[in-house]
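J.: Sharing a structure, written as structure tokens. Questions coming.
Nothing in this text is a laboratory measurement; each read-out follows from the coordinates by a stated rule. Keep in mind that this is a model prediction, so the values were computed, not measured. Cβ placement follows ideal geometry from the backbone for every residue including glycine, while neighbour counts extend to all protein chains displayed.
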Amino acid sequence: MTEQRRSTREDQEWDLIRRIQNLAHKAERTAFDHSNLVGPPPSQHHLDILAEIRALTEQAVAQRMPRPATLPRQAEPVEGKKVSAPVH
């Protein structure tokens, strides 16, 4: 039962990290959008804060999800080879 709670809490943490990350990316993308007439352009301080949020969330994701040591190899082309669907 403890394992389920821990898993749910980890899922909630992941969800929160992703939401923060998405909001930071959205804010950065729309920072200089001229169709956004809501207020003055963002200050450099504002952009620095967004960049720090993005860096921290990417760091949190990287710490939780270690990258594989080797990448999977790319599939080879099938030119000149007969390809058939598996028969069940």
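J.: With Cβ to Cβ distances under 15 Å as the rule, what net charge do the other residues near Gln44 carry (K, R +1; D, E -1)?
T.: Spelling it out: positives minus negatives among the neighbours equals -3.
J.: So if each residue of separation counts as 0.36 nm, and I subtract the Cα-Cα distance between Gln12 and Glu28, what length gain in nm does that give?
T.: In short, 3.3 nm is gained.
J.: For Ala60 and His45 in one chain, what is 0.36 nm times their gap in residues minus the Cα-Cα distance, to one decimal in nm?
T.: Stretched fully, the Ala60-His45 segment lengthens by 3.1 nm.
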